[in-house]
Amino acid sequence: MKKNMHDFEKELAPLRAALTDHPLYTKIQTIEDIQVFMEQHVFAVWDFMSLVKKLQIELTTTQIPWVPSKFPTAGRLINEIVWGEETDLNKDGDIMSHFEMYVQAMQEAGANTQGIQKLLNDLSKGNTIESVIEQQEISPFVKEFIQFTFSTIATNKIHVIAAVFTFGREDLIPDMFIAMVKNLRKEGVPLKHLIYYLDRHIEVDGDEHGPMALQMIEELCQGDPQKITEAIAAAKTALEMRIKLWDGILAQLTATVLI
């Protein structure tokens, strides 16, 4: 049966529910748990920006001479997101990317940033992303997550990339996690930068970006059943990859408790 735009919500609902109800959130109860979580999750915070920048390259004019975009709705959404993600204000009013805010929050919380810094250093030497990922001494589930992101980008199918971005990479951390983080801060745990990061994401996503992202998918699929089918399949895989990432972090937390 041919797919249409109404099938997105129906087909993705079980996976989104599995993420919202994932046991990882209730397992995180101490500052040490948060450290473990952030040391793995930071790679997803980082590779998200490559999805965003790929969309910006494809949906706006980034070359000279300039010509109007073929996708004005999608272009506006991506430009707004890039502006916020790359050049926002941190808790202290300093201009920095959301990724850099996250690393700052890791440092405040006492989490180890050596893993993500090594990846960035290896990339700065001109190595390919494929070789850099392969050579990292990081958890297999993190490596698989990053590899999926860049294999999606490599398809050059803009409707597929947009679907992964829209349905698989929006903030899927539920309220219970944010409430737990705030409770730990009340107990004197240094998490003010993490709380600001989480609150800022909620604020900038708001009510506008969600509907615009759905319009972007519709604009890019152009009513083509094949494109819609491909976009739904990619979104499903993206959600499955996030579940595997959460499963991996949960397993690490459980192993730490057993030790």
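The values are calculated or read from the model by the stated rules, or taken from the named source; none is laboratory data. Quantities reported herein were computed from a predicted structural model and do not represent experimental measurements. All Cβ positions, glycine included, derive from the backbone under ideal geometry; neighbour counts span all protein chains shown. Side chains included, ligands, DNA and RNA excluded: accessible areas come from the protein's heavy atoms. Shrake-Rupley method; radii C 1.70, N 1.55, O 1.52, S 1.80 Å.
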Exercise for review: Please build a GNM for the chain, connecting alpha carbons under 10 Å apart, and tell me which residue among Glu137, Glu32, Glu240 fluctuates the most.
Suggested key: Glu137
Exercise for review: Please name whichever of Val45, Ala13, Ile28 sits farthest to the positive end of the charge dipole of the stretch 1-81, dipole taken about the Cα centre and charges placed at Cβ: Lys and Arg +1, Asp and Glu -1.
Suggested key: Ala13
Study note, to complete from the structure: Using alpha carbon positions and the Kirkwood radius, the Rg to Rh ratio of the stretch 112-198 is 1.07
Point to revise | Taking only Cα atoms of the stretch 108-259, radius of gyration then Dmax in Å | key: 18.1, 54
Exercise for review: Please give every one of the aspartates and glutamates within straight-line cross-link reach of Lys53, meaning a C-alpha to C-alpha distance under 19 Å, and leave out same-chain neighbours fewer than 8 residues apart.
Suggested key: Glu80, Glu85, Glu86, Asp88, Glu100, Glu130, Glu170, Asp171, Asp205, Glu219
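Report the relative contact order of the chain, percent, no decimals, based on alpha-carbon pairs under 8 angstrom and at least 6 residues apart.
Values: 267 pairs, mean separation 88.7, N = 259.
Relative contact order here is 34 percent.
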Check your understanding: Which Rg and Dmax, in Å, describe the Cα atoms of the stretch 85-153?
Key -> 13.8, 37
Practice item. Please identify, among Gly126, Gly115, Gly223, the residue showing maximal mean-square fluctuation in a Gaussian network model of the chain using a 10 angstrom Cα cutoff. Key: Gly126
Exercise for review: Could you pull out every one of the lysines with an alpha carbon less than 19 Å from that of Lys10, ignoring same-chain neighbours closer than 8 positions?
Suggested key: Lys2, Lys227, Lys236
Practice item. Could you work out the local net charge near Ile243, counting Lys and Arg as +1, Asp and Glu as -1, over the other residues with Cβ closer than 14 Å to its Cβ? Key: +1
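Kindly give Rg over Rh for the stretch 21-143, based on alpha-carbon atoms, with the Kirkwood expression for the hydrodynamic radius.
Details: Rg = 17.2 Å, Rh = 16.7 Å.
Value, to two decimals: 1.03.
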Revision key, fill the gap. Relative to the chain, whose Cα atoms define the longest principal axis, helix 175-186 and its Cα axis are tilted in degrees, nearest 10, by 30 degrees
Practice item. Kindly provide the helix-only [θ] at 222 nm of the chain, computed as the sum of -39,500 (n - 2.57) over DSSP H runs of four or more divided by all residues, to the nearest 500 deg cm²/dmol? Key: -23500 deg cm²/dmol
Revision key, fill the gap. Calculating percent of Cα pairs over 33 Å apart from this structure picks out, from [x] 20; [y] 29; [z] 12, entry [x]
**Study point:** Label-point separation, Lys125 to Thr229 (7 Å along Cα→Cβ), nm
**Key:** 4.5 nm
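Taking only protein heavy atoms and a 1.4 Å probe, what accessible area per residue, in Å², does the chain have with all protein chains in place? Spell out each step's value before the answer.
Working: 12940 Å² over 259 residues.
Normalised by residue count, the accessible surface of the chain is 50 Å².
Return the ratio Rg/(2.2 N^0.38 Å) for the stretch 3-46, where Rg is computed over Cα atoms only. Walk me through the numbers on the way to the answer.
Details: Rg = 15.0 Å, N = 44, 2.2 N^0.38 = 9.3 Å.
Rounded to two decimals, the normalised Rg is 1.62.
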